[in-house]
Number of protein chains: 2
Amino acid sequence: MALDYSLLAVGGALVALVYAVVLIFNVRSQNAGTPKMQEIAGAVREGANAFLSREYRVIAPVAVIVAAAIYIFIDIPLGTNGAITVGFVLGAALSAFAGYVGMAITVRTSSRTAEAAKSGLGDALTVSFRGGSVMGMAVVGFGLLGLSLFYIAYQGTITANPATMAGLGFGASLIAMFMRVSGGIYTKAADVGADLVGKVEANIPEDDPRNPAVIADNVGDNVGDCAGMGADVYESFVVTAIAAVILGGLVQLAVKGTSVPSQLVSVVAANQLILYPLTLGVAGIIGSILGGFYIRRSIKSKPMAALNVSLMIAAVITVVIDYFIGQSLFGSNPISYWLFGSAIVGVVVVIVIERVADYFTSYLFPPVRHIAEASQTGAATNFLAGFSSGLQSTAPSAVVLVVALLVSYYLGYYGSGHDVLMGVYSTAIATMSMLSLTGVIMSIDSFGPITDNANGIAEMAGLEGNVRTVTDELDAIGNTTKATTKAFAVMSAALAAVSIFEAFQSEVNRQIGLHNLFAKYGLPPGGTLSFTLSDPHVIIGLFIGSLLPFYFSSFLIQAVGRAAMKMVNEVRRQFREIPGIMEGTGKPDYAKCVDISTAAAIKELAAPATLAVLTPLVVGFVLGPLSLGGVLIGSVVSGVYLAFTMTNGGAAWDNAKKYIETGAYGGKGTPTHAAAVMGDTVGDPFKDTAGPAINSLIKVLNTISIVFVSAVVLYALFV
Amino acid sequence: MALDYSLLAVGGALVALVYAVVLIFNVRSQNAGTPKMQEIAGAVREGANAFLSREYRVIAPVAVIVAAAIYIFIDIPLGTNGAITVGFVLGAALSAFAGYVGMAITVRTSSRTAEAAKSGLGDALTVSFRGGSVMGMAVVGFGLLGLSLFYIAYQGTITANPATMAGLGFGASLIAMFMRVSGGIYTKAADVGADLVGKVEANIPEDDPRNPAVIADNVGDNVGDCAGMGADVYESFVVTAIAAVILGGLVQLAVKGTSVPSQLVSVVAANQLILYPLTLGVAGIIGSILGGFYIRRSIKSKPMAALNVSLMIAAVITVVIDYFIGQSLFGSNPISYWLFGSAIVGVVVVIVIERVADYFTSYLFPPVRHIAEASQTGAATNFLAGFSSGLQSTAPSAVVLVVALLVSYYLGYYGSGHDVLMGVYSTAIATMSMLSLTGVIMSIDSFGPITDNANGIAEMAGLEGNVRTVTDELDAIGNTTKATTKAFAVMSAALAAVSIFEAFQSEVNRQIGLHNLFAKYGLPPGGTLSFTLSDPHVIIGLFIGSLLPFYFSSFLIQAVGRAAMKMVNEVRRQFREIPGIMEGTGKPDYAKCVDISTAAAIKELAAPATLAVLTPLVVGFVLGPLSLGGVLIGSVVSGVYLAFTMTNGGAAWDNAKKYIETGAYGGKGTPTHAAAVMGDTVGDPFKDTAGPAINSLIKVLNTISIVFVSAVVLYALFV
């Protein structure tokens, strides 16, 4: 019976991947536009590929070293048959591959979207949505495939020691952090650099082909918003699933040790609690595919509403399937109803945070309009309005988070007859249910950068006005959907953190018991280490953890600043040295700008990545597992709000500018618009570099800590 | 013997207050300047008084209601003879009084400083430093007086139940939050409003008497930076002392219950651990007075260096006195050396954070110069440079914090033969030792707003150039010293939080035991509730707590925006309707602008103050003490870094502007300067409204929770 459900998961993953292939053929069959458009799209594609291959060449040796370290220091001592190392390599490889596949198709969709925009909004929306769906399906397909194959291969090891799964998550999150950080720096260095010289100094419009940084800017949209976001959401999916699997495994071990109400005995016999999160993923894939069918060429207006309907359809179908899966897995055991309740909580969270992000970032609502209004008195008031709006958006997000945690916890707690661990498992199920909608969320998201690129191609190829109107409208929605996806990823980090912490704590205590380290940790024999707030080690860990998102962000924002300055100097040099460039007779050296962004993005990756990887190891080995546990929770607790502030604030600034460009407060060319452009420039690294990278940071901290916990417990200096 | 040390504390407090009176006479004997200068200073004084009396009229009924609630719901049920209510009233009244006295003298010092500036830098520095010292001495004098009188009056109650002290802290921190929030909104509404119309639209210089908001701006410096900062540091001093006293009391109770090594028995017999923090306050007062003597009229240059020497002298003297006090209190018990070690840690922390704040906010160092450089490409890059520099400053501050926590904890832990509670007490001693330097820190701080005002008076009274050069130089240093004091206050909140949490947890468990609530809390009889990170209630509390600084800040920044807009509209109206105003023949209606700031500041106080007071109560009564404990730690853990980001970033923006005004990058009148002015405007509510208010927010949460913990434990819904 158990094998059936793991094969079901493999089947679900294959459905997603096959559907992705179908979409790829569909997209490639569209008209790719005029030769001029294809030439531009080709240059963008070439730049994106150049970046990815250089990035992967840098990452590969790092990944090999990390894999070796895991094998020698963790797998061998633990006797886990190399499972953690294999998981790490598999997670990393599939992450890199998902990013590659997704980006390969988005760079091919943008010129087709620009071409489709000639026929109207519905056509452009459909083409770009299908391109985005390739990314969405690749992410969930590879994610679920990796999870289920790893489960099938190491079923025995996982059942005996659930934390073995963490290697897969560490691989995924390490690559995601690399992609997020360097992709984020790339895209914003090019964007800010292009804007500072182009719009501000040379007074030429955005995406003007005379600007030498214009191709780099478009490449950036692909490597940052497509490949970076794809890797990010891929790891969110994988890490969340792993958190649920580990928790399920821990509950099963506890039930077998009879410390948990016997009513659960019937649902752990065949690893049901471990398989349940994977099957939720299958439900989400089917829901996402069916929901996506709603996006059709016949849509003539209100594209945001259409995307929302698509999301709602996907959500309802997923929930219905969740119900039947629970019934099938758990039989007549009433736990199926309680856990189904948590699955509903997860889906509702997606819909609510989508509304919250929409409210704070769309120009149909007061917050963005207020930023536009504040732009009338200059850049300073624009900046304050945007930043305080970002800060404000943390409150409703926090309410969603807290209510979801509370409700899902109590569903599992009461449903299991007051078992705390089942409460936490239930929270993990809500999170997994949320992430099961990744397919549709990612499709809704990825159409954003595709239309942004289409916009650029339309401008550079000199397509006439109504194409730009269509792509502009879709682009503004793209800002909101991108903010939604970031909120989705960050929310998943916050919710998953509780389960991951539980797994971490249980692993710490298991290792203390295995190695008989009770005396070292000041415990009576058989005692357990409690991560209590009254222990200064825990508090110190919380302070270190909560620092990380702030400090990490400072690196990223400064990296964008430095890289943008290099770009500015290069663009100025080209304007000065290439004759006829401003008249359109001289051809700018686009490749040089692409190269600058690529080199800078990879160089600037080193410091923040080292910070993220070394901090948990140093804290763990020097201050001990109590402080390391504090770091895990501390980083989430401050990180979520800093991330919401930056991603929502950044999108709001961008759309305040777009709102003014629709004619509000005098429209383009006014000082009000100039102030809004400044705000947009500030928001760029907030929303596309620092803000979204916090999710990867949190998850790297989480997964690396679980992978290395056995060594930490043995070798910590102070404890 | 015990009475001796408490009388010593009273004596120390009286020394501070007598010295304050001496300084008042000294300052008032200085030449107050020309009739024109006195007229302007009089208008500022009048506006400041009007604000304070209106503010107090709003606060008084709130304080009466809170006092009644404490008496009915806490004091009567606990049978504490009204101690907590009396403490609350005393703490609140002394806070209000300290703010009043300090401000009364600073408004009188500014015109005298402007007059003294005619004779040179040393004269201006000395006069303004002495004015600031009145504030410093009033803060520590009233703080220590309240603490020691309360101790003498309720000695028996405190010894039996140390948490009784919390009422005093709650009174102090509630008033401080009101003063910080409304003072902060007042000062920045006036400042930003005056700048937006004056500098940006009408193109008249800062402090130009033609600007109708100019008096309101100067009033703001006094109510925000003097009265607000005074109340803030007063409560930091009181709450830190209380944390140490409560911890000392808890250790004493534990020793008497023989759960702690017997080597401590000899040092708890006469309440030594309770009295030690108070005597450290005495040492700091003497050190501060003597250190202040270094500031003399003969100083001709490098005023910052002179202030640093003054601080160093105060620190060394304080440490020496600390040593002898410890010897006298603890006799031959070796614990005196370990605790003396912690006292040294506290003093070293002051000196190091002073260096960190100086590095990140003075234009002599790279961070501020980098912001000035980034201003060349406009306001957007200026914003990003300043914000990321603020983010970056969190790291060294965190290192100081973590090292101080760790070292002071282990000193007490090893010194007592491995007692965790003594470790935390030792941390509290380090914090108290840090705060014992409040006198000199506050003197160094308060001279800033005094010179800022002197600057304004010099400009408005048309004093010639070299006066402005002197006051400008002192003003720039004032930005740095203000940032230092804020870092000092925030650091104290972070360090004190550990002790306060320990007190909170111990009180929770005492109440559970008293009322036999073990079953309600799922504990075995005699068991204790553990605030472990693996309990979702704690995690939920951490998420709610860590949200508060973000959300609270959004209110404050938006309040400044709204109030500044009202000011802008009023100034525009006056420019439009009052004939001859720009030619200097028509007189602006200053009073109207003062009134707008006052009304707005008091109105905008309601929402954030309600949030701060109601959140811990709602969380406590609905989600229970575990979540409330999470809120306490959560708010500190994110709050410190958000506060550092805003206060250091804000001061850096201000000084980047001042650096450009010294002639860098073309100086005044260039687009680079205009961009830097924008950055300064953004930094204003960061550094003077939202950033510093986070300290009061954290401390209100801490103290209100301890005061209401008995009721929370009894009546919590979920637990």
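In summary, residue A:647 fulfils each of the numbered conditions (1) farther than 30 Å from residue A:373 by Cα; (2) more than 10 Å from chain B (Cβ to nearest Cβ); (3) touching a Gly at 6+ places or on another chain (Cβ under 7 Å) with the single exception of condition (1). Pick from region A:291-325 the residues that are closer than 18 Å to residue A:140 by Cα and over 23 Å from the mean Cα position of the chain (by Cα): which of them is modelled with the lowest pLDDT? For region A:291-325, the residue satisfying everything is A:293.
Under the condition of being closer than 17 Å to residue B:429 by Cα and within 10 Å of the chain's Cα centre (by Cα), the residues counted in region B:216-252 number 3. Quick check on region B:1-8. Is at least one of its residues outside any helix (DSSP H, G or I), of a type outside the set (Phe, Trp, Tyr), modelled with pLDDT under 90 and open to solvent by 10 Å² or more (accessible area, probe 1.4 Å)? Yes, that holds for at least one residue. Hey, among the residues in region A:368-399 that are open to solvent by 20 Å² or more (accessible area, probe 1.4 Å) and more than 8 Å from chain B (Cβ to nearest Cβ), which one's modelled with the lowest pLDDT? Across region A:368-399, the extreme among qualifying residues is A:376. When region B:406-420 is filtered for residues that are surrounded by fewer than 24 Cβ atoms within 10 Å (Cβ to Cβ), facing another protein chain (nearest Cβ under 9 Å) and not in a loop (DSSP other than H, G, I, E, B), the ones remaining, listed by number, are B:406, B:410, B:413, B:420. Residues in region B:11-33 that are open to solvent by less than 50 Å² (accessible area, probe 1.4 Å) and more than 17 Å from residue B:288 (Cα to Cα): B:27, B:30, B:32, B:33.
Here is the figure for region A:84-112: residues that are surrounded by fewer than 23 Cβ atoms within 10 Å (Cβ to Cβ) and more than 15 Å from residue A:138 (Cβ to Cβ) total 3.
The number of residues in region B:645-680 that are over 16 Å from residue B:360 (Cβ atoms) and open to solvent by 10 Å² or more (accessible area, probe 1.4 Å) comes to 15. For beta carbons closer than 7 Å, sequence separation of 6+ or different chains, a first residue in region A:70-85 that is without any contact (Cβ under 8 Å) to a residue 60 or more places away in the chain and a second that is hydrophobic (A, V, I, L, M, F, W, C) and buried (at least 18 other Cβ atoms within 10 Å of the Cβ), the qualifying pairs are A:75/A:83; A:75/A:84. Residues in region A:645-667 include at least one that is under 25 Å from the mean Cα position of the chain (by Cα), among the aliphatic types (A, V, I, L, M) and more than 23 Å from residue A:232 (Cα to Cα).
Scanning region B:562-582 for residues that are within 12 Å of another protein chain (Cβ to nearest Cβ) and free of Cβ contacts under 8 Å to residues at least 24 places away in the same chain yields one hit, B:569. Note on region B:504-533: residues that are of a type in the set (Gly, Ala, Ser) and under 37 Å from the mean Cα position of the chain (by Cα) total 3. What are the pairs, 6+ residues apart or on separate chains, where a residue within region B:302-313 that is more than 14 Å from residue B:484 (Cβ to Cβ) has its Cβ under 7 Å from a residue that is open to solvent by 50 Å² or more (accessible area, probe 1.4 Å) and aromatic (Phe, Trp, Tyr)? That search, which allows pairs on different chains as well, returns B:306/B:294; B:309/B:294; B:313/B:294. Screening region B:608-719 for helices (runs of 4 or more DSSP H) wholly inside it with 2 or more residues that are closer than 19 Å to residue B:231 by Cβ returns the ranges B:625-661, B:691-715. Taking region A:443-467 as the range and being open to solvent by 20 Å² or more (accessible area, probe 1.4 Å) and assigned to a helix (DSSP H, G or I) as the test, the residues that pass are A:452, A:459, A:465, A:466.
Being among the small types (Gly, Ala, Ser), free of Cβ contacts under 8 Å to residues at least 12 places away in the same chain, within 30 Å of residue A:529 (Cα to Cα) and within 7 Å of chain A (Cβ to nearest Cβ) is true of residue B:534. Go through the residues of region B:624-637 one by one and say whether even a single one is crowded, with 24+ Cβ neighbours inside 10 Å, modelled with pLDDT under 95 and away from chain A (no Cβ under 11 Å). So far as region B:624-637 goes, no, none of its residues is crowded, with 24+ Cβ neighbours inside 10 Å, modelled with pLDDT under 95 and away from chain A (no Cβ under 11 Å). Of all positions in region A:66-79, at least one carries a residue that is in a helix (DSSP H, G or I) and under 21 Å from residue A:232 (Cβ atoms). Condition check for residue B:555 on (1) open to solvent by 10 Å² or more (accessible area, probe 1.4 Å); (2) more than 12 Å from chain A (Cβ to nearest Cβ): one failure, at (2). Pairing residues of region B:602-627 that are more than 17 Å from residue B:540 (Cβ to Cβ) with residues that are open to solvent by 50 Å² or more (accessible area, probe 1.4 Å) and charged (D, E, K, R), at Cβ distances under 9 Å and at least 6 apart in sequence or on separate chains, gives B:602/B:54; B:604/B:562. Just a yes or no: is a residue in region A:186-202 over 20 Å from residue A:442 (Cβ atoms), polar (S, T, N, Q) and either in a helix (DSSP H, G or I) or open to solvent by less than 10 Å² (accessible area, probe 1.4 Å) (or both)? No, region A:186-202 has no match at all. State yes or no: is residue A:139 under 23 Å from residue A:49 (Cβ atoms), under 16 Å from the mean Cα position of the chain (by Cα) and part of a helix (DSSP H, G or I)? Yes. A residue that is within 11 Å of chain B (Cβ to nearest Cβ) and assigned to a helix (DSSP H, G or I) occurs nowhere in region A:511-529.
How many of the residues in region A:87-102 are of a type in the set (A, V, I, L, M, F, W, C) and in contact with a Gly (Cβ under 7 Å, 6 or more places away or on another chain)?
Matching residues across region A:87-102 total 6.
Being closer than 29 Å to residue B:692 by Cβ and in a loop (DSSP other than H, G, I, E, B), is that true of even one residue in region B:581-604? Among the residues of region B:581-604, at least one is closer than 29 Å to residue B:692 by Cβ and in a loop (DSSP other than H, G, I, E, B), which makes the answer yes.
Would you check if residue B:470 is out of contact with any Ser or Thr (no Cβ under 6 Å at 6 or more places or on another chain), part of a helix (DSSP H, G or I), open to solvent by 10 Å² or more (accessible area, probe 1.4 Å) and modelled with pLDDT of 95 or more? So residue B:470 fails the test.
Scanning region A:203-224 for residues that are charged (D, E, K, R) and either outside any helix (DSSP H, G or I) or modelled with pLDDT under 85 (or both) gives A:206, A:207, A:208, A:210.
The values are calculated or read from the model by the stated rules, or taken from the named source; none is laboratory data. Since this is a predicted model, take the numbers as computed values, not measurements. In this analysis, Cβ positions are derived from the backbone assuming ideal geometry, glycine residues included, and neighbour counts consider all displayed protein chains. Remember, those area values only see protein heavy atoms, side chains included, never the ligands or the DNA or RNA. Shrake-Rupley method; radii C 1.70, N 1.55, O 1.52, S 1.80 Å.
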